[in-house]
1. Given the alpha-carbon gyration tensor of the protein assembly as shown, what are the semi-axes of its equivalent ellipsoid in whole angstrom, ordered largest first, with each equal to the square root of 5 times an eigenvalue?
2. Can you list the residues, at least 5 places off or on another chain, whose amide H is less than 5 Å from the amide H of B:Ile229, using H built in the peptide plane?
3. Which whole-number percent gives the relative contact order of chain B, counting Cα pairs below 8 Å spaced six or more residues apart?
4. Per residue of region B:40-54, in order, report the coupling 6.51 cos²θ - 1.76 cosθ + 1.60 (Karplus, θ = phi - 60°) as ³J(HN,Hα) in whole Hz, putting x for Gly and Pro.
5. Let me check against my output: what whole-number percent is the relative contact order of chain A, with C-alpha pairs under 8 Å and at least 6 apart?
6. Work out from phi, with θ = phi - 60° and the Karplus expression 6.51 cos²θ - 1.76 cosθ + 1.60, the ³J(HN,Hα) of each residue of region A:119-126, listed in order in whole Hz, and give x for Gly and Pro.
7. Find the relative contact order for region A:39-197 and round it to a whole percent, using C-alpha pairs within less than 8 Å whose residues are 6+ positions apart.
8. May I ask you to evaluate 6.51 cos²θ - 1.76 cosθ + 1.60, the Karplus curve with θ = phi - 60°, for each residue of region B:58-73 and list the ³J(HN,Hα) values in order in whole Hz, giving x for glycine and proline?
Amino acid sequence: MAKQATDEISTADRVDAGGPRTDGVARLATALWRRREASIALVAILLLLYFQSSNDAFLSQGNIRGLAQSGYATAIIACGLVMLLICGEIDLSVGSVMGFAPIIVYLADQEFVFPIAVVVALLVTSLVGLLNGVITVYLRVPSFVTTLGTLFLLTGLNVTLTDGFPKPAPEESGLTRILGGGAFSGIAWALIIVVLMHLLLTRTRWGLHTFAVGGNLVGASEAGVRVNRVKIGNFMLCSALGGFAGIMEAIRINSVDPLAGGPNVMFLAVSAAVIGGTALAGGAGTIIGAFFGTAVLAILRNGFTLQGVSANTFNIILGISILVAMTLNVYVGRLRRSGKT
Amino acid sequence: MTPPEPEDNDILRAENIVKRFGALTALDGVTLHLRKGEVLGLIGDNGAGKSTLIKIITGYHRPDSGTLSIEGQDVQLKSVSQARGLGIETVFQDLALVNELSVFHNMFLNSEVTFKPLPFLNNREMKKRTRKYLEDMGVKIQSIDVEVAQLSGGQRQAIAVARSVYSDAKILLLDEPLAAMGAKEGAMILDLVQRLKEKREVSIILIAHNYAQVLEVCDRVNLLQHGKIAYDEKASSTSIEELTELVVAEYRKARETA
Ligand SMILES: Nc1ncnc2c1ncn2[C@@H]1O[C@H](COP(=O)(O)OP(=O)(O)OP(=O)(O)O)[C@@H](O)[C@H]1O
Ligand SMILES: [Mg+2]
């Protein structure tokens, strides 16, 4: 009751009338919110220090490689999901797209040379995004439902197209070495994509319109923003990124696995985005934050594995950190709306 | 009322516009002409269809029937950006601002300045122009970097008005731009409209419920009632009392029949 009242009053009132405690908490929370990327990066560094101090092997070269390889695909997928979440949508199917893309590469590889096969797979995955977008935007099906449908559709298709058996990965070539040859090529690609997507989101009209569409759909379209195009474009972008990550992953594990990807990696990416400060309701979010969010999740999982903590315990910890992050998100969001700079 | 005769210097003609929302007929054959350089006041009760008409002229809604022409050319507007391309700018009643974006990004929403041919936003230029516009208008805002969520209702309205006014529009549609304004700020906006009018480069439709304000700046007044233009008169030959009477008489009649 009392807390609600503090939320309601204006900034000036709060500074005058609010007790030092409320003010301090609010200020801290606000600082955390405004430097959301910084705070999540700080968490990542603290975790690194903690795990290194408890186990020397943590920052060994082998383990760093493991960290990079377990996290890069999630980081790439999170970029696409951040765009979609900001414009008020979600793509649950992107994990299945990740499994779908290398299957398309495998099939197309039988007809064309490998680079063309990769292009074909990226086009086909973009079409999945187009389908998601068109159904969501024009038929007004919530994207949660649309992409749940394509999730199952692709999961089935992936098994059907391969008769349920893993297929050989593409033969080694210049392009496969670029995409997944080195131990760190995955993470290098992820970093490149993070930088490009960050620029797209923060420095271009497309990014600005993505925020506008999620923040005020009607207002954005009254201002002439092509809101449907923005949404559909981001669906396609998200799918294509998922496909790209999937192709790299197939090259890395040297097999086209019909069960690759799936909802797990998608949920990890959504969690990373949310932990990194992206609002599920749209209108706010950052690529960098999602990247550090991915790092936090990868470090947690890897660190606990080294400590011999089981996967189930990890899930409990993951669940708790998402709940905490979400609560913080909502709480700080409310503070912000009540007029705090 | 008989529809107005087309005139040579009409910049905008809406003829027989019909717009239905499901079973509700919001506009039932509206014919409205806007002359070059004039300020036309559009009045009518809540729910009379004023905003709907504006949204048709600005390409947001498509009419079920009827035609629009601009400078004598028939146009079929498919989108707001098409209308903006033709020089039609609008202050929507809901302002069309994005709370999460800064003042200067809202000011240039969908007409952003970029480092052509590069696609990157030229924030510095947008800030510079935003500052100039607001100064020009006499609007005070703590900082143009803050999100518009943090502004007062009047400040938000001022930004929406500035956005349309400073965009070199040929036709300016102002849907209750004064609603949230204090007396001083309202006078400032009216003053701005007056200045635009003196230049005669832009033609304006102004929607307002305050008839004194309407008569202060408008050349002509149209009353929208029952989905049609029910009254069309020069501002100089009507009065607040007459306009009030027209609207209230309608209400009395409705109450008697009910
Ligand atoms: N998108 C919509 N869907 C359904 N009905 C609508 C829609 N927009 C407007 N209407 C209806 O059309 C009628 C006219 O609405 P409109 O907003 O044009 O009125 P107005 O004259 O602008 O009123 P006000 O003075 O209150 O702003 C109202 O009955 C309204 O409920
Ligand atoms: Mg209205």
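Derivation of every value follows stated rules applied to the coordinates shown; laboratory data play no part. Treat the numbers as computed from the prediction; the structure is a model and nothing was measured. Neighbour counts are summed over all protein chains in view; Cβ atoms, including those assigned to glycine, are modelled from backbone coordinates with ideal geometry.
1. That gives 53, 29, 20 Å for the three semi-axes.
2. B:Thr31
3. 26 percent
4. Once θ is set to phi - 60°, the couplings for region B:40-54 become 9, x, 10, 10, x, 4, 4, x, 6, x, 4, 5, 4, 4, 4 Hz.
5. This gives 33 percent for chain A.
6. Running phi through 6.51 cos²θ - 1.76 cosθ + 1.60 with θ = phi - 60° gives 4, 4, 4, 5, 5, 4, 5, 4 Hz.
7. Value for region A:39-197: 31 percent.
8. Per-residue couplings from phi come out as 9, x, 7, 9, 9, x, 6, 7, x, 10, 10, 9, 10, 6, x, 9 Hz.
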